[in-house]
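Step one of this worksheet: look at the structure below.
Rule-based calculations on the coordinates, nothing more; no lab input. Since the structure is predicted, the reported quantities are computational estimates derived from the model, not experimental observations. Backbone-built Cβ (ideal geometry, glycine too); neighbour counts: all protein chains shown.
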Amino acid sequence: MDSVDKGRPVDVATVQLMQDRTADFFETEYTVPARHLLDSLTNHRAALTTLLGNARTDTTRDPLMVMLGETEALIGWLHFDLGQATEATNAWRATLKIAKDTGDRALAACALGYWSYLASSRNDLMPAVRLLRQAEEYVPGNSAPATRSWIAARAAEESARLGEETAALRTLERAFTAFDFARPRTERVWTGFFTANRLGGVTVSTYMALGHRDATVAADSLLASLSPTENKARALVLADLTTLAVRANDVDRATALAGDAIEVTVRTETSLARQRLLTLASALATSSDPGATRVLRDHIVSALRR
């Protein structure tokens, strides 16, 4: 690429090429483990930075800045997936600065939405909710419906974990309402993942946290609807179904589901599913029926902490 290798001014064709590459990285992340993607995405960020230095007009500079912000957001997510919290937050801070400089409010919402997962993984539920409320303020009204739906769904999930049933269900309803107007594949590069099945997955986890009677039915239905390529989503649903089976004292079903959940989680390196399974293992350690659950707990821990 001459604009990178030879320092030539950036043209519109180069901008389009980089937009396509940025979108490809987000799409690839749905199916590829983070460690396989991080180096090439970091190189992509370096190329964007070089191109910005050679951009002579707002027509080329502005979209490159937005792409750099989108790339920083995804780099942060990959670091989070790899358990590298400091690097993740540094990337999201960079995203927020770019969002402010460019006036891209939806980009700011994206960074805050990603950041909420990190807070939640540390069991910092109120900080996670605050991040999500702030994110919702960046995409009000009819703006960015796919982003709004995702953020609202996440807020419902965290409210449910706090035991705020009314707030969780109302927020989940907002997520479904926004999704009716959403075009996730075309809205922004980060919204492509938020399909109807992903909304269904958040619904399941919200129902689980609330102890909703429809949680198992919803999870079974969701699992049956997943395509063969939706393996990261599959890992999450299997982890949730394992937990639901344990709650129902169906240890045989829980053991079978855990085997499937572990296999997909390890293969795809899905950190959120890993976290849910380890949370289940911790809960099993205090079970009132240790004989029936020890084997399951030990299997989860030994498989995921290698």
Check: For the range 74-145, what is the largest minus smallest coordinate of the Cα atoms on each principal axis, given in angstrom and ordered from greatest to least?
Finding: 34, 24, 16
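Kindly state, to the nearest 0.05, the FRET efficiency for residue 227 paired with residue 292, given R0 = 51 Å and r defined as their beta-carbon distance. The partial results should precede the final answer.
Working: r = 35 Å, r/R0 = 0.68.
Here the calculated transfer efficiency is 0.90.
Suppose every Lys and Arg Cβ carries +1 and every Asp and Glu Cβ carries -1, with no other charges. What dipole size does the chain come out with about its Cα centre, to the nearest 20 debye?
Values: 35 positive and 37 negative charges, 86 e Å.
Computed charge dipole of the chain: roughly 420 debye.
Can you pull out the trypsin sites (Lys or Arg not before Pro) in the range 27-63 that DSSP calls coil and that have at most 11 other Cβ atoms within 10 Å? The partial results should precede the final answer.
Details: sites: 35, 45, 56, 61; in loops: 56.
Answer in residue order: 56.
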Checklist line | Under 12 Å, Cβ to Cβ, from residue 169 - net charge with Lys/Arg +1 and Asp/Glu -1 | finding: -3
Next item on the list: Towards the positive end of the charge dipole of the chain, with charges on Cβ (+1 Lys, Arg; -1 Asp, Glu), say which of 162, 199, 255 has the farthest Cα.
Entry: 162
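Could you give me D for the range 230-306, from Stokes-Einstein at 10 °C and 1.306 mPa s, where the hydrodynamic radius is the Kirkwood radius over C-alpha pairs? Units µm² s⁻¹, please.
Numbers: Rh = 11.9 Å.
Using the Kirkwood radius from Cα pairs, D works out to 133 µm²/s.
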Notebook entry, point to check: Pairing the Cα long axis of helix 85-102 with the longest principal axis of the chain, what angle in degrees results, from 0 to 90 and rounded to the nearest 10?
Noted result: 40 degrees
Margin query: Tell me which of 241, 142, 43 sits at the most positive position along the dipole axis of the chain, charges placed on C-beta atoms (Lys, Arg +1; Asp, Glu -1).
Written below: 43
Check: How much net charge surrounds residue 195 when only the other residues with a Cβ under 11 Å from the Cβ of residue 195 are counted, with Lys and Arg +1 and Asp and Glu -1?
Finding: +1
Margin query: Nothing charged except the Cβ atoms of Lys and Arg (+1) and of Asp and Glu (-1): what's the magnitude of the dipole of the range 169-306 about its Cα centre? Round to the nearest 20 debye.
Written below: 440 debye
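Evaluate the charge dipole of the range 105-212 about its Cα centre and quote only its size in Debye, nearest 20, assuming +1 on the Cβ of each Lys and Arg and -1 on the Cβ of each Asp and Glu.
300 debye
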Checklist line | Principal-axis tilt of helix 251-268 within the chain, Cα atoms, nearest 10 degrees | finding: 20 degrees
Checklist line | Phi to ³J(HN,Hα) by Karplus 6.51 cos²θ - 1.76 cosθ + 1.60 over the range 111-125, Hz, x for Gly, Pro | finding: 4, 5, x, 4, 4, 4, 5, 5, 4, 5, 5, 8, 6, 8, 6
Next item on the list: Rounded to the nearest Å, what's the spacing between the alpha carbon centres of the range 134-158 and the range 234-291? Just the number, please.
Entry: 29 Å
Next item on the list: Grab the DSSP H runs of the chain that are 4 residues or longer, score each as -39,500 (n - 2.57), total them, divide by all residues and round the 222 nm result to the nearest 500 deg cm²/dmol.
Entry: -25500 deg cm²/dmol
Margin query: Let's test this: bin the Cα-Cα distances of the range 127-237 at 5 Å from zero up to the farthest pair and state each bin's percent.
Written below: 2, 14, 22, 23, 22, 12, 5, 0
Item checked: For the chain: Kirkwood Rh in Å [reciprocal of mean 1/r, alpha carbons] -> 20.2 Å
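Count charges around residue 236 for me, please; just the other residues with Cβ under 11 Å from its Cβ, Lys/Arg as +1, Asp/Glu as -1. Before the final figure, lay out each step's value.
Numbers: positive: 198, 232, 234, 274, 276; negative: 230, 240.
Result for the local shell: +3.
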Check: Once the mean 1/r over all distinct Cα pairs of the range 1-103 is inverted, what Kirkwood radius in angstroms do you read off?
Finding: 13.9 Å
